[in-house]
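Q: This structure is in structure tokens; I'll ask about it shortly.
The values are calculated or read from the model by the stated rules, or taken from the named source; none is laboratory data. A quick note: this is a predicted structure, and the numbers were derived from the prediction, not measured. Counting neighbours? That spans all protein chains shown, and the Cβs are built from the backbone with ideal geometry, glycine included. Side chains are part of the model used for accessible areas, which takes the heavy atoms of the whole protein and leaves out ligands, DNA and RNA. Shrake-Rupley method; radii C 1.70, N 1.55, O 1.52, S 1.80 Å.
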Amino acid sequence: MPTILAIETSCDETAVAIVNNREVYSSIVASQIDSHSPYGGVVPEIASRQHLETINICIEKALCQSGLDWAGIDGIAATVAPGLVGALMVGMTAAKTLAILHHKPFIGVHHLEGHIYASYLAEEALKPPFLCLLVSGGHTSLIGVKDCGDYEMLGSTLDDAAGEAFDKVARLLSLSYPGGPVIDRISQQGNPKRFPLPPGKVGGYDYSFSGLKTAVSRLVEKLRSFGELPTADLAASFQETVARALTKKTIACALDRGFSTIAIGGGVAANSCLRQHLQTAALAHNLQVYFPPLKLCTDNAAMIGCAAADHFARGHVSPLSLGVSSRLPITEVMSLYAGIS
Ligand code: KG4
Ligand code: ZN
């Protein structure tokens, strides 16, 4: 199996990892949260500039931690889509430069495919077909995983991503960014049944969180006029509504489509309420559900390296003319590769 040096810079983490198949030799993640939190969200220009300042240090650290030199690396990978264009450009350009300098093949990786591969890193036994629920700051997707590069998009959000909803509701409640972990923590002291909220009425396996966000906003406005906000009860009621909605559609999709295994990924997969609901529902329906550890759920380069290693082993490499894309559907992931003969 090939050893890959992988770079991830699609959003606000500068990450570099060295991976051999499902074994992680090193994984460096430099988070930019402190730079973006005063703005309540990711500022694209700040993200690109900081990736540029940090990327070389992360590459050096990853190599040093792995104990390898360039001779031990078979290919260089980078996330090329989807994500912030300027941020993606930094990682991709670094990867292409290293590929040219050290005469290695370049492998472009789809960020969501990377999140799917995080589950392979966490679970040796996991094999397709399975259903992946991907819930992050930028995505809420139900993906049917058939094989490497072969995916079916079964459901997605029509407006805000789940993590985005957590971040926006946290702002409404005057909590810090990123909102998910704070809401999760504060909810432990709250009553999730105090405020019944609308889960979002959308057909099929799609989601919508904007109605829920508006409902919380109206409630907050009303409650403020009565005095101090019952923040913990509001946070718990919101979290419970999101967790129930995600669980309901994920389980329905798995049962309808005949998947016996569910893997979950993305930052929101860390949510304790979602984990509890999914675990209970999966048990009740005799389904297997895998939750990777938090460091593999949130953005990292190990998952990108794992996906790249699988593609590379199948002869999939990318041309150096490949560009970045802010929105490439996962069903078009094979457009990133030109086979080697
Ligand atoms: O996967 P990720 O690190 O980055 C993206 O690719 O977007 O996800 C970040 C998102 C943020 O919106 C954050 O609020 C959310 O994941 N998040 C959580 C929790 N931890 C992080 N949401 C709910 N509960 C958590 N415990
Ligand atoms: Zn991500």
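Q: Return the pair list, or none, for Cβ contacts closer than 6 Å from residues in region 176-196 that are modelled with pLDDT of 95 or more to residues that are outside any helix (DSSP H, G or I) and within 8 Å of ligand 1 (Cβ to nearest atom), at least 6 apart or on different chains.
A: Sorted first by the residue in region 176-196, then by its partner, the pairs are Asp184/Asn271.
Q: While we're on this one: Which residue pairs have Cβ atoms under 7 Å apart, sit 6 or more places apart or on different chains, and have a first residue in region 232-244 that is over 13 Å from Pro198 (Cα atoms) and a second that is of a type in the set (Lys, Arg)?
A: Correct list of pairs: Asp233/Arg194.
Q: Residue under question is Ser27, and the condition is that it be in contact (Cβ under 8 Å) with a residue 40 or more places away in the chain, of a type in the set (Ser, Thr, Tyr) and more than 16 Å from ligand 2 (Cβ to nearest atom); does it hold? Before the answer, list the steps.
A: On the way: in contact (Cβ under 8 Å) with a residue 40 or more places away in the chain: yes; of a type in the set (Ser, Thr, Tyr): yes; more than 16 Å from ligand 2 (Cβ to nearest atom): no.
So Ser27 does not fit the description; no.
Q: Could you please find all residues in region 248-274 being more than 14 Å from ligand 1 (Cβ to nearest atom) and among the β-branched types (Val, Ile, Thr)?
A: Thr250, Ile251, Thr261, Ile262
Q: Please verify whether Leu121 is outside the structural domain of Val220 (by TED's automatic domain parsing), on the phi < 0 side of the Ramachandran plot and within 16 Å of ligand 1 (Cβ to nearest atom), treating the condition exactly as stated.
A: In short, yes.
Q: Would you confirm whether or not region 318-332 contains a residue that is open to solvent by less than 40 Å² (accessible area, probe 1.4 Å) and under 19 Å from Leu142 (Cα atoms)?
A: Taking every residue of region 318-332 in turn, at least one turns out to be open to solvent by less than 40 Å² (accessible area, probe 1.4 Å) and under 19 Å from Leu142 (Cα atoms).
Q: A further question follows. Please pick out the residue among Phe166, Phe259 that is open to solvent by less than 20 Å² (accessible area, probe 1.4 Å), assigned by TED's automatic domain parsing to the domain that holds Gln288 and not acidic (Asp, Glu).
A: Exactly one of Phe166, Phe259 is open to solvent by less than 20 Å² (accessible area, probe 1.4 Å), assigned by TED's automatic domain parsing to the domain that holds Gln288 and not acidic (Asp, Glu), namely Phe166.
Q: Given the conditions (1) under 21 Å from Leu154 (Cβ atoms); (2) buried (at least 22 other Cβ atoms within 10 Å of the Cβ); (3) in the same structural domain as Arg185 (by TED's automatic domain parsing); (4) within 16 Å of ligand 1 (Cβ to nearest atom), which single one is not true for Arg244?
A: Among (1) under 21 Å from Leu154 (Cβ atoms); (2) buried (at least 22 other Cβ atoms within 10 Å of the Cβ); (3) in the same structural domain as Arg185 (by TED's automatic domain parsing); (4) within 16 Å of ligand 1 (Cβ to nearest atom), the lone unmet condition for Arg244 is (2).
Q: What number of residues in region 11-26 are modelled with pLDDT of 95 or more, in contact with a Ser or Thr (Cβ under 7 Å, 6 or more places away or on another chain) and more than 18 Å from His311 (Cβ to Cβ)?
A: Matching residues across region 11-26 total 3.
Q: If you check Thr157 against the conditions, is it open to solvent by less than 60 Å² (accessible area, probe 1.4 Å), within 16 Å of ligand 2 (Cβ to nearest atom), touching a residue at least 24 places away in the same chain (Cβ under 8 Å) and under 30 Å from Asp310 (Cβ atoms)?
A: yes
Q: Can you tell me how many residues within region 287-308 are more than 20 Å from Leu131 (Cα to Cα) and among the hydrophobic types (A, V, I, L, M, F, W, C)?
A: Residues that pass the stated criteria total 3.
Q: If you check every pair at least six apart or on different chains, which have Cβ atoms under 7 Å apart with a residue in region 282-301 that is in contact (Cβ under 8 Å) with a residue 40 or more places away in the chain first and a residue that is open to solvent by 20 Å² or more (accessible area, probe 1.4 Å) and in a strand (DSSP E or B) second?
A: From region 282-301, the pairs are Asp299/Glu13; Asn300/Ser27; Asn300/Val29; Ala301/Ser27.
Q: I would also like to ask the following. Could you pull out the residue among Ala263, Ala252 that is among the hydrophobic types (A, V, I, L, M, F, W, C), within 16 Å of ligand 2 (Cβ to nearest atom) and either farther than 23 Å from Met153 by Cα or touching a residue at least 24 places away in the same chain (Cβ under 8 Å) (or both)?
A: Exactly one residue qualifies, and that residue is Ala263.
Q: Suppose we filter region 169-183 for residues that are open to solvent by 60 Å² or more (accessible area, probe 1.4 Å) and touching a Ser or Thr at 6+ places or on another chain (Cβ under 7 Å); how many remain?
A: Total satisfying the criteria: 1.
Q: Same structure again: For region 261-278, check the following and say yes or no: at least one residue is at pLDDT 95 or above and more than 24 Å from Ala165 (Cα to Cα).
A: Looking for residues that are at pLDDT 95 or above and more than 24 Å from Ala165 (Cα to Cα), one finds at least one in region 261-278, hence yes.
Q: Please go through region 62-117 and give me each residue that is among the small types (Gly, Ala, Ser) and touching a Phe, Trp or Tyr at 6+ places or on another chain (Cβ under 7 Å), ordered by number.
A: Of region 62-117, the ones among the small types (Gly, Ala, Ser) are 62, 66-67, 71-72, 75, 77-78, 81, 83, 86-87, 91, 94-95, 99, 108, 114.
Correct list: Ser66, Gly75, Ala95, Ala99.
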